[in-house]
Each structure stands twice: as C-alpha cells, then as structure tokens.
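See structure below.
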Amino acid sequence: MAVLEGRLASLEDELTTIKTRQGRQPGDLTFAIHSAFIEGTEHTGEVGDFLTTLSSENSMDWRLAKSEMARVLCLHLIDSFFTSCCAYLPVFEPWHARLHFIRANIDTLDPASQALLGIAYPSLNDYPPTEEAIEAGTRRQKACVAITRHAHDLCHRQEIALTPSVLNLEALLVKMQMAIFEELVPRKSRYLLRVSLGHFKDLQDSPPAELDTLDSVIRLGLPIFLGDAITSAYARKPPLVTTEDLAYYFQAVGLHVPDFSTDNLGVILDQHIPRLASDGFISHETLVSSTTILACWLATAQREFAVLATYRSVPEPLFVLDQIHAAVQRVQQLLVNIAYLPSGCQSDGCADLHLRFDTRLDRDVMDVTYLLHSLIVEKAAASDIAGPEENTNVLLAESHRRVRKALKLVAFYSQLYLSSHDRHMVYHLAWQLELIPNWTTLVVQRWGEMPGPASADLEVTETELDWFERGLSVAAFYHPAAEARLRELERWRRPIRSTSEA
C-alpha cells in the first residue's frame, strides 16, 4: 500500500500537466480497470450514480479517475494484493501461476471488473492521522460498491454462473471470497457458494471426455469447503456441503476433517511438525500441510457452530477453539524462533507469509468466539436457555471471559499488523468486531466496576486502548464503519486511572 500511495501522489501531480482530451465530458467518460482474477470478454460501461460525483476536472475524484491512471493503478493494486496474506487463501491459489501473464497483458485481459477508483490515498504513516485519511473510507466504499455491483452484473451477462467450467468455477470462487470479506450476514457469498458447489459437482459428474483434467476441479474443493463453513456460521444456517458430499465429491480433495470427540489437534500436528525444528527438517510443504490442517479444524468448528445455531436450543462453548488457538500459537512460535529458511521457501520468498497466514487463522478463531457469544447473549435475553438461572449465568460469564481475552488479542494483533506488510488486516479485525455491537463499551470497562471484567488480567490496558485507536484510524481508511467506532472509543475512553484507583 505504501508503494501505491506514493505512486498515486506522483501521478496526481503529473496529471495536472496532461492536456484534457477533446470531446470528453464528465458524463461521457467511462473507465475499465481489468480484473486480476477473471478471464473472458472485455466490457466497458458507466459506473452508475458514482460517476455523477465527478462534477469538475478540478476535483480530486476526477483527476484520480482519469484513464491515464487506470492502468498504473490496476498494476499497483495487483502487486499490492499478491504480496498480502489474503492472496494466499486457497481460493486464490490458481491465480498465482498466472500473475506474470496478467501483468504483461493487462491491456488485453478478457473479462473485466468494470471499475472507477477515483480515490485519494492519504498517507497512513503519520499518527495521529489527518481527517482526510480517517474519512477516506467513505469515499473508498462508494467506489468498492460500484466495483462489486459491476462485477456481479458482469457475471450474469457473461453467464458465468450458468455454464460449468473450471475457469468459471475459479471466477465464481473469487467473487465468493470477495463477498465474504464484506458481508456480516452472508447473502451474495452464500448464493455464489451454492452455485459454485453445483458446478463442482456437475464437473465431477461430467463424462471424462468433457473434462480436461479432474485434478483441476478437485483442487477447488478446499476453498469450497472453507467458504461453506464460514458463510454457514455467519448465516446461522446448515452447511451446504453435507456429510454425504464430503464422502463422495470431496473424498479426493484430501481434507483433514476431524472428529472432535476423539481427535487431538496437538497429536496430529506432532506428525507434521517435529518438536525440534532446529535440524533444518521443516520445509515449505510441511508448513503448508500444517496450515491446511489448522484451516480444516477451524472450518469444522465453524460448521459445528452453524449446526448448533440452527438446531439446538441450548448453546454451549466450543472448547475445541482452545485447541486450535494453542496449535496456531505453537506454529507461530516455531516460525518466530526458527533459525533457518525452510527448504522450498526460497523460490517464492514466502518465508514470512506462513507466519502471517497462521496469524490470520487465529483471527478467524476469534470470529467463532464472537458468533457464539452473540448467540448466547441473545438466548439468555430471551430466557431460551434450559435449566436453572445459575446455568445461564455460568454460561454468560464464561462467554464474556472468552470475548474479553479475544479483545486483548485483537489489540495486540492490531499493533502487530500496523508494523507489518499487511496493514490492511486491521480493517478485517475491526469489521469482525461488528459481530459484537457493544464492543467499544466493553474495552473501556475496568476491573472492580459493574459491569466490568471479572479479573484484572481481563481488563484492556491503556496501552492496548492506544493500539485499538491506532488500528481503527487505519481501518477507517478502508471502511466507514471503523470511523464510527473510532469516534465512539474516543468519546467513551476515560482519563488514565490514578495509582490510588488502581
């Protein structure tokens, strides 16, 4: 992002010297920024109501949206994305091998996400940030909504969702993942998952002569399984991938679907990661395999929550989350302390990406904690938890304890991400906290007060509150919801407690 910001600033200055092309008026100008993820037929068109905001060539929107910037902006966005941990989600795996071709042929790629990115990129390096930086999320969101809408419309116009093929399935899965990034209540993402699952089955059921290679279909099973798990959990609906589907259509995928009643994640990891990694045994393949195991355990926990939220009247803690969190920390500790570059990591420069991706999994573990807490609070408020009131109080207390521990971890990860290559991850942290509507109230509560943390170690410290504010300041650059939360935190945060009060 830093490279992109600097390039955009220089381009903005350069554009002031470019002669306005004759015959172009604001209402006639259309721009296309080609997608890095979809191949098909080029399409150009207006970007709806957002285009009407370009009222003057003197406006920042107009200058940054000029067609001369579109190509450079697209290339920088591609580079920025493919160096982030988001790019290493399984759903994007097929596109890494095509990156060189995409960059070299950016002007002639086939289907495109029609887009107009007239967005200023103020510096994120200064703290406290300027008002322009904090308010940028609103302007970015307008453009992102336009991009998403046109990509969705293009999917229908090109009948991508109607024609099963490996390429169309890859494109649908990318659209699904991008929808997951922005939805708290899955609508488009669950619809796209449903269509993708249908394609996945149809392609496997096709006669051999109609299918170039079965492997190209099978490798898409993991992102479908993971996407179904998280959308089902967020939607509180049964998983679309059934147990029968796992046994038949996903058998060749090699998923590590655990049985929580008998399997132990620590023991399973022992089989993949030696306890002593100082001998140089750890390899890229070993780390990928271990991460896949963690992801499958997390997805199974998400599926478990989805079933629990759908069918059972009494929610219960998912203690398996403790196993997953401990396993993630084990891999994190290994990667932080490893004294050599794992074999296989040299070729793609991914030495630190394993650590960044495993940290991302820990963030998703907290996600399930938030979802479960919301369900427990709702059922307690409706007196929908069976048994004596004491049972409800114990359940609520345990859930609050887990949420407060998660909030402290969010503060730590916010600080970590702000000094990393993945500063945009603070947006994901802030966005997921929207699952707990009163989280800004919880973080300012103090031990010894009612309501408040049950113990001193659960209280969010002043340093951690500083990390929250810094994280929200950067997250606001990506989405307006973070700006509102930042204002709340600034308003409700109290003066530092004196020694006598502590």
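Values quoted throughout were computed directly from the atomic coordinates according to the rules given, and no laboratory measurement underlies them. Not measured: the values here are computed from a predicted model. A quick note on method: Cβ atoms are made from the backbone with ideal geometry, for glycine too, and the neighbour counts reach across all protein chains shown.
Can you give the local net charge around Met425? Use residues other than it whose beta-carbon is closer than 11 angstrom to its beta-carbon, Lys and Arg +1, Asp and Glu -1. In short, +3.
Protection proxy ranking for 480-490, 329-339, 388-398, using the average of other Cβ atoms within 10 Å per residue and placing the highest first: 480-490, 329-339, 388-398. Checking the Cα-Cα distances for Lys175/Lys379; Lys201/Lys237; Lys201/Lys379; Lys237/Lys405; Lys237/Lys408 against a 31 Å cut-off, the pairs over it are Lys175/Lys379; Lys201/Lys379. Highest average first, the peptides 297-306, 441-450 ordered by how many other beta carbon atoms sit within 10 Å of their residues are 297-306, 441-450.
Using every pair of separate Cα atoms, the Kirkwood estimate puts the hydrodynamic radius of the stretch 388-476 at 13.7 angstrom.
Distances between placed amide hydrogens fall under 5 Å for Ser343 paired with His284, all partners being 5 or more residues away or on another chain. Between His421 and Ala326, the simple spin-label model (points 7 angstrom out along Cα→Cβ) gives 3.2 nm. Computed 3J(HN,Hα) for the stretch 245-259, one whole-Hz value per residue from the Karplus formula 6.51 cos²θ - 1.76 cosθ + 1.60 where θ = phi - 60°, is 4, 4, 6, 9, 7, 10, 4, 7, 6, x, 5, 9, 8, x, 9, glycine and proline marked x.
Note: relative contact order over the stretch 362-447, using C-alpha pairs below 8 Å and six or more positions apart, is 35 percent.
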